[in-house]
Amino acid sequence: MSDEPYSYHAYLLRLWRTEYQGQWQWHASLESPHTRERRLFSSLEQLFAFLSEQCVDLTAGVGQEETEGQQK
């Protein structure tokens, strides 16, 4: 595992459903075990968007490093 900051994320995931105007909707929360910071999401789409952003941040320099290594 890399020593770079934010190269690893851990979360406690909670999922629950609520009924709103006759429709069931999923909600979620993520809690960091390290900082106890909690994020709430009113839909699974919001949760997936957040996780996708976290993964993009983690992999932003990976392709660039591999390319630079091949040029040497």
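Percent of Cα-Cα pairs more than 12 Å apart in the range 12-60, please. If you can, show how the numbers build up before the last one.
Values: 788 of 1176 pairs.
Across the range 12-60, Cα pairs with separations above 12 Å total 67 percent.
When peptides 42-49, 11-18, 26-33 are ranked by their average number of other Cβ atoms within 10 Å per residue, the highest-first order is 26-33, 42-49, 11-18.
Backbone phi angles across the range 15-21, fed through the Karplus curve with coefficients 6.51, -1.76 and 1.60 (θ = phi - 60°), yield HN-Hα couplings of 10, 7, 10, 10, 9, 9, 6 Hz in residue order; Gly and Pro are listed as x.
Read-outs: derived from the displayed coordinates by stated rules, not from any lab. For clarity, every value in this text was computed on a predicted model and none was experimentally measured. Cβ coordinates were reconstructed from backbone atoms using ideal geometry, including for glycine residues, and neighbour counts include every protein chain displayed.
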